[in-house]
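A short worksheet on the structure shown next.
The values are calculated or read from the model by the stated rules, or taken from the named source; none is laboratory data. Remember, it's a predicted structure, so these values are computed and weren't measured experimentally. Here the Cβ is made from the backbone with ideal geometry for all residues, glycine too, and neighbour counts use every protein chain on show. All accessible areas refer to the heavy atoms of the entire protein, side chains included, with ligands and DNA or RNA removed. Shrake-Rupley method; radii C 1.70, N 1.55, O 1.52, S 1.80 Å.
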Amino acid sequence: MGTCHGQERCTPLIPAWLTIAAAAAIVLVPALWRACRNVVTIAHEGGHALVATLGGRQLDGIRLHSDTSGLTVSRGKPRGLGMVLTLLAGYSSPALLGLGAAWLLSLGYSVGLLWLLLAALALLLIQVRNWFGLWSVLATATVIFAVTWFGSAFVQSVFALLVTAFLLLGAVRTVLELQGSRSRRRGTASDADQLARLTHIPGLLWVGVFLIIAIACAVLGAGLLGSGG
């Protein structure tokens, strides 16, 4: 398992495995997960916003909350393919972002990945409409910028791998949390339940779609990272 083909920076085998283990610990240890989960929420709401915009909907803003939940508000047709894709994008986006990051790492572009993440956060920042959301995005961007600007080549490659593994694993956990939340109360406003009302397909099946996407991205991402060395 390496993370490059020689174009840029590469993480040696043992540090790479330790980094992935650290990402798994962040996802599995409750205290660490609570501290870092907003990173996944940022990707989730960013996915809603991107697909809504591409689908012709008018984006009214994004809110991120201290309980790690989020809300993306857009205006447009309340039904139809555009709305379905917008809702589908939320839980899928962290996994797909992680897969894209794994692909870039497999090509050796760890620093390029970090700059792309910073650019995405800058675009997201102008759509955030609450103070906690602004703080959350700015804090995330500050950490990435500090590593990108001041970190050594080794630190940059390790950090890029940590972010990638965290997104891939965190995407799976958030889907499992979604179903846990749904099982504790009925009539929720979750993405799965909104999709159920739009499509008349049970919410549980939509949770299954989210989970398949998340697991598939994790497996494919692991394959890309494993082929990189």
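Condition first: touching a Gly at 6+ places or on another chain (Cβ under 9 Å) and assigned to a helix (DSSP H, G or I). Now tell me which residues in segment 180-203 satisfy that.
Filtering segment 180-203 down to residues touching a Gly at 6+ places or on another chain (Cβ under 9 Å) leaves 182, 188, 190-198.
Listed by number, the residues that qualify are Arg182, Asp191, Ala192, Asp193, Gln194, Leu195, Ala196, Arg197, Leu198.
Can you pull out every residue in segment 123-153 that is under 18 Å from Leu71 (Cα atoms), part of a helix (DSSP H, G or I) and not β-branched (Val, Ile, Thr)?
Correct list: Leu123, Leu124, Leu125, Trp131, Phe132, Gly133, Leu134, Trp135, Ser136, Leu138.
Tell me which of these Ala139 doesn't satisfy, since it passes every other one: (1) surrounded by fewer than 20 Cβ atoms within 10 Å (Cβ to Cβ); (2) within 25 Å of Ala24 (Cα to Cα); (3) at pLDDT below 95.
(3)
Check Ala89, Ala16 and return the single one that is out of contact with any Cys (no Cβ under 8 Å at 6 or more places or on another chain), at pLDDT 95 or above and part of a helix (DSSP H, G or I).
On the way: Ala16 fails: at pLDDT 95 or above.
On inspection, the qualifying residue turns out to be Ala89.
Looking at (1) farther than 23 Å from Arg173 by Cβ; (2) open to solvent by 60 Å² or more (accessible area, probe 1.4 Å), which is the only condition Arg34 fails?
With respect to (1) farther than 23 Å from Arg173 by Cβ; (2) open to solvent by 60 Å² or more (accessible area, probe 1.4 Å), Arg34 is out only on (1).
Please give the number of the condition Val172 fails out of (1) in contact with an Asp or Glu (Cβ under 6 Å, 6 or more places away or on another chain); (2) open to solvent by 20 Å² or more (accessible area, probe 1.4 Å).
Here Val172 meets the rest and fails (1).
What about Gly133, is it over 23 Å from Val73 (Cβ atoms) and either of a type in the set (Ser, Thr, Tyr) or at pLDDT 95 or above (or both)? Write out each step before concluding.
Numbers: over 23 Å from Val73 (Cβ atoms): no; either of a type in the set (Ser, Thr, Tyr) or at pLDDT 95 or above (or both): yes.
Judged against the criteria, Gly133 is not a match.
For segment 66-78: of the residues being part of a loop (DSSP other than H, G, I, E, B) and in contact with a helix residue (DSSP H, G or I) (Cβ under 6 Å, 6 or more places away or on another chain), which is surrounded by the most Cβ atoms within 10 Å (Cβ to Cβ)?
Initially, segment 66-78 is screened for residues part of a loop (DSSP other than H, G, I, E, B), giving 66-69, 76-78.
Adding the requirement that they be in contact with a helix residue (DSSP H, G or I) (Cβ under 6 Å, 6 or more places away or on another chain) leaves 66, 68.
Values: Ser66: 11, Thr68: 19.
Restricting to residues being part of a loop (DSSP other than H, G, I, E, B) and in contact with a helix residue (DSSP H, G or I) (Cβ under 6 Å, 6 or more places away or on another chain), the top hit is Thr68.
Among the residues of segment 177-229, how many are within 18 Å of Pro78 (Cα to Cα), among the small types (Gly, Ala, Ser) and open to solvent by 50 Å² or more (accessible area, probe 1.4 Å)?
Looking only at that region, the number is 1.
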